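The values are calculated or read from the model by the stated rules, or taken from the named source; none is laboratory data. Predicted model, so just to flag it, every value in this text is computed and none were measured. Cβ coordinates were reconstructed from backbone atoms using ideal geometry, including for glycine residues, and neighbour counts include every protein chain displayed. The area values use the complete protein model at the heavy-atom level, side chains included, leaving out ligands, DNA and RNA. Shrake-Rupley method; radii C 1.70, N 1.55, O 1.52, S 1.80 Å.
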Amino acid sequence: QGAEETLTLAPSGGSYVVTAVKPEALHPLAAGPHVIGVTASLHNGTLTAQVGFDSDLAPASVSGAITVQDASGTTLPVTVTYDENTRTSTVTLTQVPNGALSVVVGTTLRDINGQAPPAPFTAPLIGG
């Protein structure tokens, strides 16, 4: 189960302190890992994307589950690594074609409990 909450902050000695917390009602979350953020940068002709997750992943499932596709849906050759400490996957594309590119996280990805994402996830990287 998950919930949202509202925090009230007040200044205190050059920083802030939480003075009130207003929780919302709990709501069910879909099982499996979820993407919490995607960033991408293009440097010297190499595209690097970082995909962050909300849970620990089964490392062996990562490289086959994360791909980069062009606008026509063609899967491009990439290198995928996973940092267990930060729950972040790094995707590197060394030959970047012209046009829109997207990162796709497929349902073959698994967390350490063997659960798959509830659905494939797609995010634009360039031109999307």
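The set of residues in region 28-55 being open to solvent by 60 Å² or more (accessible area, probe 1.4 Å), in contact (Cβ under 8 Å) with a residue 24 or more places away in the chain and assigned to a loop (DSSP other than H, G, I, E, B) consists of Pro28, Leu29, Asp54.
No other residue among Ala25, Ala60 is open to solvent by 70 Å² or more (accessible area, probe 1.4 Å), part of a helix (DSSP H, G or I) and small (Gly, Ala, Ser) apart from Ala60.
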